[in-house]
Amino acid sequence: MDEQALRNEEEELRSQIARLSPEQKKKYYALENQRVKDPDTYAVLNYFFVTGLHHFYLGKNLHGAIDLAILAIGILTIEYYGWVLIILISLYEIPQLFRSQRILHQYNNQVMRDTLAEVNQTPSSLAGNV
């Protein structure tokens, strides 16, 4: 998804949030503040792309653990072609370094969608579905 599409999606989500009741807005913003990720923190972690720290930051723990394991194996076996593993993981992670702003924007839009859906599932709206 390109940056303009992400901005349009965010704008649509923000207009849906604006239509919430005051109580729902309060709940929404409390949840969003806990869940949304900071672009600067992600960017700094992404500069250490070989370690996979940026994956942990977004909750992709398995992906981060795989990156760390490959890096550790590469370092431990550097005498026996471990450098190949380090180069391969670097080549895999470099595109994410250049797309970090878009990746985080997409992540935060998903957080907004999920939080909005959760807030819209209030007990009063659930009672109407019974």
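Annotation for ASP2 and GLN121: the two label points, set 7 Å from Cα along the Cα-Cβ direction, are 3.5 nm apart. Short-range pairs are left out: with C-alpha atoms under 8 Å and at least six residues apart, the relative contact order of the chain is 32 percent. With the simple model of a label 7 Å out from the Cα in the direction of the Cβ, ALA43 to ILE94 spans 2.2 nm. Compared with the dominant Cα axis of the chain, that is its longest principal axis, helix 82-98 is turned about 30°. Going by alpha carbons, how many degrees (0 to 90, nearest 10) lie between the helix axis of 100-120 and the longest principal axis of the chain? Rounded to the nearest ten degrees, it is 30. A simple charge model with +1 on the Cβ of Lys and Arg, -1 on the Cβ of Asp and Glu and nothing else charged puts the dipole of the chain at about 360 debye relative to its Cα centre.
A helix-only calculation puts the chain at -25500 deg cm²/dmol for mean residue ellipticity at 222 nm, using -39500 (n - 2.57) for each DSSP H run of at least four residues, averaged over all residues.
Quick check: from the Cα gyration tensor, does the chain come out rounded (a/c under 1.5), prolate or oblate?
Numbers: a/c = 3.65, a/b = 2.50, b/c = 1.46.
Here the chain falls in the prolate category.
Calculate, for GLU10 and ILE73, the FRET efficiency according to 1/(1 + (r/R0)^6) with r their C-beta to C-beta distance and R0 41 Å; round to the nearest 0.05. After rounding, the FRET efficiency stands at 0.55. Toward the positive end of the charge dipole of segment 29-112, with +1 on the Cβ of Lys and Arg and -1 on the Cβ of Asp and Glu, the farthest Cα among VAL111, GLY82, PRO95 is that of VAL111. The residues ARG14, ARG19, when put in order of fewest to most other Cβ atoms within 10 Å, stand as ARG19, ARG14. Taking every alpha-carbon pair under 8 Å whose residues sit at least 6 apart, segment 66-118 reaches a relative contact order of 22 percent.
FYI, it's all coordinate maths here, none of it is from the lab. Only a predicted model underlies this, so the values are computations on that prediction, with no experimental measurement involved. Don't worry about glycine lacking a Cβ; one is built from the backbone with ideal geometry, like all the others, and counts go over all protein chains shown.
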